[in-house]
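J.: Dropping a structure here in structure tokens format, bear with me for questions.
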Amino acid sequence: RDFMNEDLCTWVGKEVKLPILAEKMRELVQRKGRLSDFVLLILESCYYCTREEMRTIITIIREMEGKSDFECNKIRADRLMEKEKYLSSIYEYKRLLDSEDAQKENPMLIGNIWHNLGVAYARLFLFEEAANCFKKAYQKNNKFESLKECLFAYRCLHDEGRFMSLAIEQGLTDEDMQKLREELSNAS
């Protein structure tokens, strides 16, 4: 929100010499318009991006509008993960989990952050760390996917004891465990 301000409008009008754009930007600031509309005005006026690139940028901004800083930071960490920047995503996820805001957030969201942190560790073949994260994720979000990934991490560590212990603790049948073993075998 602090990006949309009178100083920027004045600078665009005087220094960049685009008074019409500056006035349109100023109108949006005054009526507390959406950041995505503000950015779109700027992008359309400079011809720096293709239409497709503009749509992508605006989609990303709209996804973040109306979300807390905590949620926006999670989205940023998720995007780092998508771009296979695992170390950076690990840093961001840990920073989120260590923040004061994490205590106030929905346990499901916190569980999902632990899950994604586990995925980042697993992609770096750090299965011990991944298993710990998936276990914490499951405790928070109670999603079978987190439990399954924890069990997979134990299998990747060749730790049949912890695999069996967790599976039994969570009430999985022998048939369920065999399906998980087969699924991991097929994936590898």
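J.: Which of Lys85/Lys143; Lys140/Lys179; Lys83/Lys135; Lys83/Lys140; Lys74/Lys140; Lys104/Lys140 have a Cα-Cα distance over 23 Å? Each step should come with its number before you reach the end.
T.: Details: Lys85/Lys143 25 Å; Lys140/Lys179 25 Å; Lys83/Lys135 25 Å; Lys83/Lys140 26 Å; Lys74/Lys140 16 Å; Lys104/Lys140 13 Å.
Correct reply: Lys85/Lys143; Lys140/Lys179; Lys83/Lys135; Lys83/Lys140.
J.: How many nm separate the modelled label positions at Lys85 and Asp159, each set 7 Å beyond the Cα in the direction of the Cβ?
T.: With each label point 7 Å from Cα toward Cβ, the separation is 3.0 nm.
J.: Compute the acute angle (0 to 90°) between the alpha-carbon long axis of helix 144-156 and the principal axis of greatest extent of the alpha-carbon atoms of the chain; round to the nearest 10°.
T.: Its long axis makes an angle of about 60 degrees.
J.: Could you give the nm distance between label points at Asp176 and Glu27, where each point is 7 Å from its Cα heading toward the beta carbon?
T.: 6.0
J.: Ignoring ligands, DNA and RNA, what accessible area per residue does the stretch 106-188 give at 1.4 Å, in Å²? Write out the running numbers ahead of the final one.
T.: On the way: 4510 Å² over 83 residues.
Result: 54 Å² per residue.
J.: Something else about it: Just order 73-82, 145-154, 31-40 by mean Cβ neighbour count inside 10 Å, highest at the front, would you? Walk me through the numbers before you get to the answer.
T.: On the way: 73-82: 17.3, 145-154: 22.4, 31-40: 14.8.
So the order, starting with the most tightly packed, is 145-154, 73-82, 31-40.
J.: Roughly how big is the stretch 1-159's charge dipole about its Cα centre, with Cβ charges of +1 (Lys, Arg) and -1 (Asp, Glu), in debye to the nearest 20? Intermediate values should be presented prior to the final figure.
T.: Details: 27 positive and 27 negative charges, 51 e Å.
Magnitude of the dipole: close to 240 debye.
J.: What number, in percent, do you get for the relative contact order of the chain if the mean sequence gap of Cα pairs under 8 Å and at least 6 apart is divided by its residue count?
T.: On the way: 167 pairs, mean separation 19.5, N = 188.
Relative contact order of the chain: 10 percent.
J.: While we're looking at this one, here's another question. Of the listed values [x] 25; [y] 20; [z] 40, grab the one calculated as percent of Cα pairs over 31 Å apart from the structure here.
T.: Computed from the coordinates, percent of Cα pairs over 31 Å apart corresponds to [z].
J.: If R₀ is 25 angstrom, what is the calculated FRET efficiency for the pair Leu184 and Gln139, using the beta carbon separation as r and rounding to 0.05? Intermediate results must be reported in sequence, preceding the final value.
T.: Numbers: r = 22 Å, r/R0 = 0.87.
Taking R0 as 25 Å, the efficiency between Leu184 and Gln139 is 0.70.
J.: Order the peptides 44-56, 157-169 from the highest to the lowest mean number of other Cβ atoms within 10 Å of their residues. Don't skip to the end; give the middle numbers.
T.: Numbers: 44-56: 11.3, 157-169: 13.8.
Taking the mean over residues of other Cβ atoms within 10 Å, the ranking is 157-169, 44-56.
The values are calculated or read from the model by the stated rules, or taken from the named source; none is laboratory data. Computed from a prediction, not measured in an experiment: that's the story for all the values here. For neighbour counting, all protein chains shown are included, and Cβ atoms are generated from backbone atoms with ideal geometry for every residue, glycine included. When the accessible area is computed, the model is the full protein with side chains, heavy atoms only, and any ligands, DNA or RNA have been set aside. Shrake-Rupley method; radii C 1.70, N 1.55, O 1.52, S 1.80 Å.
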